[in-house]
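Report on the following structure.
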Amino acid sequence: MNRIINVDKLLLKINKFSDERDWNQFHSIKNLSMALSVESSELVEIYQWISEEESNDSSNEIIKNKAREELADIFIYLLKIASKLDIDLEEAAFLKIDSNEIKYPLDKSKGNSKKYNEY
């Protein structure tokens, strides 16, 4: 699954939806951050009481559909927050990966789940 996401097109649709409902008055960065946290928790809730094996079973359409809905909500809130802060998420992600490559050098981190400050 190698797709390019048209963030501008998606943001236009998201913003149109909010504008039509006059919801932007409620979309402060604080409120959007809290909503993002709630949606992330709803994703966690899907997997909370199932086994590791069940959680990795991508053929379970019921779980997959629930996860799809929560991931979409998370993505929408994330895009709205980034847009309000004028942050390019693609650039931010590349910068973070570059930073992580320094924090987690291969010789210390490969096959190791410790945090960088625990080496």
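A short reminder: the numbers here are calculations on the coordinates, not readings from a lab. Because the structure is predicted, anything quoted here is derived from the model rather than measured. Positions of Cβ are backbone-derived with ideal geometry, glycine not excepted, and every protein chain shown enters the neighbour counts.
Any residue at all in the range 69-79 that's among the aromatic types (Phe, Trp, Tyr) and not in a helix (DSSP H, G or I)?
no
Could you list, in sequence order, the residues of the range 1-14 that are free of Cβ contacts under 8 Å to residues at least 40 places away in the same chain, closer than 14 Å to Ile76 by Cα and not acidic (Asp, Glu)?
Answer for the range 1-14, where residues must be free of Cβ contacts under 8 Å to residues at least 40 places away in the same chain, closer than 14 Å to Ile76 by Cα and not acidic (Asp, Glu): Ile5, Asn6, Lys9, Leu12, Lys13.
When you go through (1) within 24 Å of Asn15 (Cβ to Cβ); (2) exposed (fewer than 11 other Cβ atoms within 10 Å of the Cβ); (3) among the hydroxyl-bearing types (Ser, Thr, Tyr) one by one for Ser51, which number turns out not to apply?
(1)
Report whether or not Ile62 is exposed (fewer than 12 other Cβ atoms within 10 Å of the Cβ), aliphatic (A, V, I, L, M) and not in a helix (DSSP H, G or I).
Answer is no for this residue.
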